[in-house]
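A short write-up of the structure that comes next.
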Amino acid sequence: MDLFDIIGPVMIGPSSSHTAGAARIGKFTRMLLGSEPITARIGLFGSFQKTYLGHGTDKALIGGLMGMDVDDIRLRESLELADSRGLTYEFYDAEMRGAHPNTVILDVKGEDGRKIQVRAASVGGSEIIIQSIDGLEAGFSGHENTLVITHHDTPGMIASISGEVAASQINIATMRVFRQSVGGEAMVALELDGDADDALLQRLSSLRGIFHVAYLAVKGKEV
Amino acid sequence: MRTVLDLLDAATKNNQTLGQASLAWQAKHDGQTEEHAWNTMHKMLAVMRESAQAGLSPDLRSVSGMVGGQAAKMIQPTHASRFGMLGKACAYALSIAESNACMGKIVAAPTAGSCGILPGALLAAQEDAGYTDDELVWGLFTGAAIGRAIAIGATISGAEGGCQAECGAAAGMAAAALVELYGGTPQQACDACGFALMNMMGLVCDPVHGLVEIPCVYRNVGGVSQALSAAQMALCGIRCPLPCDEIILAMKDVGDAMPPSLRETGDGGCAACHSARKHRMIQNSD
């Protein structure tokens, strides 16, 4: 936590958790999807479910999905913008047990046909936790530039991924690996000290056994 | 640097203000130059000032329609000047808080719900005594470092610690910032924070219908008044009888002892009033 977590972020009101946090969840979901979303089915739980209209949580989530940052004044009319950009959405009451009171589950489909499911919670201030991606436990906060790579769970994958990152002279701050089953689909989340460039993303995408590379570039921006 | 005492020690050791120690820490922490952090804080001040202006529009209304447009009344010369610098600080605190409630652009300080207090105090001081933007920015650094210590030692989330964690923390930050702005010592700034936190302790988070509107926007006015009185006590040399860090830990205990109904669930406190539940509140924003 630094001083600009206390004085900041610059954001559209009224609520850091219900508006700014929701916009960040939307934006991260878009980055994880990797393309313009065309459909979104959004389940709200707890306080999100009870108070989303008055807090503009719906506007913030949809605005974030369209790529808006927390300080984008267009968040106010994001629902109208979604209509004009061909993003169809629906909100429903999600049933969850023992979840954080500000939890949301998003099923989104991109214009390239890719679908993902993201579950996230807004945990105070505009802090969020991406809890799971397509059912794989994630648990990162989006404070650092983060590479999220889904890949075939096979020996050597982590080594070749980290080798490519090292070749770009980028230090890995943290690394977490998750998988559903041995030999199935796995995911690795790498928080980076530096900024991944397109060349690195290309090289990672072309590695054998890689399903998808998403890059959450946040450092240096007021996200 | 985790506590108010750590901050005070850093400032004392280097013969700095809390603001200077905070800027040095921030630059070191994020690996950037002090100039970078300084410029970023200037941008924060600019947004704060814009939000104070935007919130003065009489036509402003929140999504629910419950708040907005009241700061326009409060800023009227007759009403603002009657109470001097406090009158202006109250009007700006309300203006920024209403701007937030109406989906305006604001700076969380430390949260969106309490965003009017610190800038309200600083902007009013500037208007009243002619401080420069640079001097205000030093105050923001002071406030930020104090807020960070509160966030670490207690919490700045209303859902965890009640309104004392949001408007209380903001009042503590503003009190310390004001003391440095008016030329007080680092110790006096810490004492001012202690007084503000002491006087806001136990305040519950009880938003009507769960929205950041009632009582939130008016609590910002209350918070800035607490900040000003705390700063006045410290500046005249009254020592806060308890160390600021101990008050922060007490805040944490009080927050932990609060039932969920008083922690941003919209079930207790003001939210539980009959008129609030039945949608029969007196309307200010028709």
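The values are calculated or read from the model by the stated rules, or taken from the named source; none is laboratory data. All values derive from a computational prediction rather than experimental measurement. In this analysis, Cβ positions are derived from the backbone assuming ideal geometry, glycine residues included, and neighbour counts consider all displayed protein chains. Each accessible area value is taken on the protein alone, full model and side chains, heavy atoms only, with ligands, DNA and RNA left out. Shrake-Rupley method; radii C 1.70, N 1.55, O 1.52, S 1.80 Å.
Label sites at A:Glu80 and B:Asn39, each approximated as a point 7 angstrom past Cα along Cα to Cβ, lie 3.6 nm apart.
Backbone phi angles across the range A:113-120, fed through the Karplus curve with coefficients 6.51, -1.76 and 1.60 (θ = phi - 60°), yield HN-Hα couplings of x, 5, 10, 9, 10, 10, 10, 9 Hz in residue order; Gly and Pro are listed as x. Within 10 Å of the Cβ of each residue in B:108-119, the mean number of Cβ atoms contributed by other protein chains is 5. Packing here is the average count of other Cβ atoms within 10 Å per residue, and on that basis the peptides A:82-88, A:133-139, B:129-135, highest first, run A:133-139, A:82-88, B:129-135.
Placing a pseudo-label 7 Å from each Cα along the Cα-to-Cβ vector at A:Ala199 and B:Met281 gives an inter-label distance of 5.8 nm.
Only protein heavy atoms count here; on that basis, with a 1.4 Å probe, A:Val10 has an accessible area of about 10 Å².
For chain A, the per residue solvent-accessible surface stands at 41 Å², with DNA, RNA and ligands left out and a 1.4 Å probe. Accessible area of B:Cys190 (1.4 Å probe, protein heavy atoms only, ligands and nucleic acids ignored): about 10 Å². Across the range B:156-168, coupling constants 3J(HN,Hα) worked out from phi with the 6.51/-1.76/1.60 Karplus curve, θ = phi - 60°, read 10, 9, x, 5, 9, x, x, 5, 3, 6, 9, 5, x Hz, and Gly and Pro carry x.
How well do other chains shield peptide B:40-46, expressed as the mean number of their Cβ atoms within 10 Å of each residue Cβ?
So the per-residue partner count for this stretch is 3.
Neighbouring Cβ atoms from other chains, within 10 Å of the Cβ of residues in A:125-134, number 1 on average. For A:Glu80, the accessible surface of its heavy atoms amounts to roughly 110 Å² (probe 1.4 Å, protein chains only, rounded to the nearest 10). If R0 equals 25 Å, the separation of the Cβ atoms of A:Phe211 and A:Ala159 corresponds to a calculated FRET efficiency of about 0.90. Take the residue pairs B:Lys105/B:Lys252; A:Lys27/B:Lys105; A:Lys59/A:Lys109 and return only those whose Cα atoms are more than 28 Å apart. Correct reply: B:Lys105/B:Lys252. Surface exposure of the range B:178-286, expressed per residue as accessible area with a 1.4 Å probe, stands at 45 Å².
With R₀ fixed at 25 Å, the C-beta to C-beta distance from A:Ala173 to A:Glu36 puts the FRET efficiency at about 0.25.
Based on the Cβ-Cβ distance of B:Glu135 and B:Met201, what FRET efficiency does E = 1/(1 + (r/R0)^6) give at R0 = 51 Å, to the nearest 0.05?
In this case the efficiency is close to 0.95.
The trypsin sites (Lys or Arg not before Pro) of the range B:207-286 meeting both criteria, a DSSP state outside H, G, I, E and B (loop) and at most 11 other C-beta atoms within 10 angstrom of the site's C-beta, are B:Lys278, B:Arg280.
Listed highest first by mean packing, meaning other Cβ atoms within 10 Å per residue, what order do B:223-233, A:33-43 come in?
Taking the mean over residues of other Cβ atoms within 10 Å, the ranking is B:223-233, A:33-43.
Placing A:Arg114, B:Arg61 in order of accessible area, with the largest value first and a 1.4 Å probe, yields B:Arg61, A:Arg114.
Extension gain, B:Glu127 to B:Gln76, is 16.9 nm, computed as 0.36 nm per intervening residue step minus the present C-alpha separation.
Could you give me the ³J(HN,Hα) list for the range B:131-145, computed from phi with Karplus coefficients 6.51, -1.76, 1.60 and θ = phi - 60°, whole Hz, x at Gly and Pro? Whole-Hz 3J(HN,Hα) from phi for the range B:131-145: 5, 7, 4, 4, 5, 5, 5, 4, x, 5, 5, 4, x, 5, 5.
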